[in-house]
Amino acid sequence: MICFPVTPVFPEQDIPKRYKLQPMLLIQLTGLSGAGKSSIAALTRDLLREKNHTVMLVDGDECRKTICKDLGFSREDRHENIRRLGMLADKYVKAGHITIIAAINPYEAIRKELSKEYGALTVWVHCSREELFSRDTKGLYKRTLLPDDHPDKVSNLTGINDSYEEPADPALIIQTHTESLSASAQRLADFILQEITN
């Protein structure tokens, strides 16, 4: 289950002593809808927990229902959405948890902001458009092809008819159209383990 609270875990000064561990790693996933971000994050969490690491997930879809429910999909609102996810994730990191943000996270400027503010490493979960249209797990891609005057037309799907800026220098690229979910999650888990042991 994706982990997300309505409010941050603890204000920094109120973190109980048992949680005052060495700050851990923050990963920000980026990729189009249906690329596999949430699934990879959840399976990666399970793999790392098997090695006795604590892992928290901050899922963009779930946070849209809670701490970001007042936001729309303008560029400014998308920036604020990721900014809030970053602030929440940072609380987990400071409490000693490996933390993964799973969100579309479409703009380079806000990804760089999280990298600067929180040391977040960017992982691009890339999937070909052909495969995304084939999967269409939420039925969104087909709706972008409807006539403009159709009531079910989707006109702001990131990467199709709304902007998506490919990350300029991601720490890791996962190609989900060429490998299995388990292989993708294992690569992310291995990457995280390498980063926290360096």
- Message: Let me understand region 31-94 better: what is its radius of gyration from the alpha carbons, and its Dmax, in angstrom?
- Response: 13.2, 40
- Task: Holding the Cα-Cα limit at 23 Å, pick out from K69/K138; K51/K94; K65/K112; K65/K138; K65/K91; K91/K112 the pairs that are longer than that.
- Result: K65/K112
- Item | Space enclosed by the convex hull of the alpha-carbon atoms of region 147-198, per residue, Å³ | 127
- Taking the Cα centre of region 23-197 as origin and charging only Cβ (+1 Lys, Arg; -1 Asp, Glu), how large is the dipole, in debye to the nearest 20? 440
- Query: When only C-alpha pairs under 8 Å and at least 6 residues apart count, what is the relative contact order of region 23-197, in percent?
  - Reply: 34
- Message: Restricted to Cα positions, what overall size does region 63-114 have along the principal axes? Three whole-Å values, descending.
- Response: 33, 24, 14
- Query: For the chain, what is the calculated [θ] at 222 nm in deg cm²/dmol (nearest 500), taking -39500 (n - 2.57) for each run of four or more DSSP H residues and dividing by its residue count?
  - Reply: -11500 deg cm²/dmol
- Task: Using +1 at the Cβ of each Lys and Arg and -1 at the Cβ of each Asp and Glu in the chain, identify which of N81, Q194, A103 lies farthest towards the dipole's positive end.
- Result: Q194
- Could you tell me what % of all Cα pairs in region 23-197 have separations over 25 Å? 30
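A short reminder: the numbers here are calculations on the coordinates, not readings from a lab. The structure presented is a predicted model; accordingly, all values stated were derived computationally and were not measured. Cβ: placed from backbone, ideal geometry, glycine included. Neighbour counts: every protein chain shown.
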